[in-house]
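Structure record follows, encoded as structure tokens.
What follows is calculated from the coordinates using simple rules that are stated; it is not laboratory data. On a predicted model such as this, the values are computed, not experimentally measured, just so you know. Virtual Cβ from ideal backbone geometry, glycine too; neighbours counted across all protein chains shown.
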Ligand SMILES: [Zn+2]
Ligand SMILES: [Zn+2]
């Protein structure tokens, strides 16, 4: 039995730069092809933090897109889901038919760019609210959570997917040496997934506790990012051949330039955290042409990896529960965002739970 659905709910509304307010909103109405989900957990993601801090999208909106919860209402046309199902949600789902999708550039698909989950206003994820409407076009992105797994593990499907997608873009061979710059929650996921795939990971970060964690998550070596002989140390690890690849999981241009210099010829630097537009980077183009050092990016999730991600997380080969250091109740979302924006040595993934 599911409790009766109220007419109104609490939601955290973005009202302007650094302005998040707990407000009472109507519980969203759903269409015949939609679901209504009662949110149980929603991860705090850096892409939302940037929108909140820089005001890159107009208010009002309800953010939060790493969402898991329980289905409480099912549109009459919906098949395959029932009230009471515990589910993880993806707010973006590609059409799989357009020009971009045929090139597997799913994040560039027009349908993908539409956000299909809302708690009201312009759809923006809605996970920082008690209920969300899951629109018909993102229903293929709804993943059922096995009984033994938690809502938090459900909520981590989306970020883990973005990480696995990026790893798969790299033409790595087993035994390759890969630098993961930044050992926050995302960096640690990279470290673990790369290690599971047989890569030798060099992990870097400014925070020592995070380097210690990186070793537990599968890094073979750790180097403090601000060490004066950082470059020498990394090169020595590769027996002076250079890195096969580097993943930049921290929005630092210095890290990009340094990593690109440390690549072997034909290696790749993959930018994962550079989501703020308008920045500039100075790179010697001959290193790209003559040395064939690629600079590439990866953004958002790959719908076709959902099953692999579910098995990785739900089997606990990648135990995301160990990443969650802080849980905040919905009414303290502003505090949670603040902590996620300025991580402390003891803070990793922060999740809003209800
Ligand atoms: Zn995210
Ligand atoms: Zn498409």
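Look at 162, 8 and count the other Cβ atoms within 10 Å of each Cβ; fewest to most, that gives 8, 162. The simple spin-label model puts a point 7 Å past each Cα toward its Cβ; for residue 22 and residue 224 those points are separated by 4.0 nm.
Calculated FRET efficiency, residue 82 to residue 331, Cβ-Cβ distance, R0 = 22 Å: about 0.15 to the nearest 0.05. Taking a point 7 Å from the Cα of residue 299 along the Cα-to-Cβ direction, the residues of segment 85-110 with backbone N closer than 11 Å to it are 107-109. Residue order for 22, 201, fewest other beta carbons within 10 angstrom first, comes to 22, 201. Taking 210, 102, 86 as the candidate residues, the one with maximal mean-square fluctuation in a Gaussian network model of the chain, Cα springs under 10 Å, is 102. Taking 136, 311, 239 as the candidate residues, the one with maximal mean-square fluctuation in a Gaussian network model of the chain, Cα springs under 10 Å, is 239. Across the chain, the relative contact order, built from alpha-carbon pairs under 8 Å that are at least six residues apart, equals 17 percent. With the simple spin-label model, which puts each label point 7 Å out from Cα in the Cβ direction, the residue 344 to residue 290 separation comes to 5.0 nm. The stretch between residue 5 and residue 316, if pulled fully straight at 0.36 nm per residue, gains 108.6 nm over its current Cα-Cα span.
Estimated from the Cβ-Cβ distance and a Förster radius of 41 angstrom, the FRET efficiency linking residue 122 and residue 174 is about 0.35. Rounded to the nearest 500, the 222 nm mean residue ellipticity of the chain from helices alone is -7500 deg cm²/dmol, with -39,500 (n - 2.57) taken per DSSP H run of at least 4 residues. Compactness check for segment 182-307: Cα Rg over 2.2 N^0.38 Å is 1.04.
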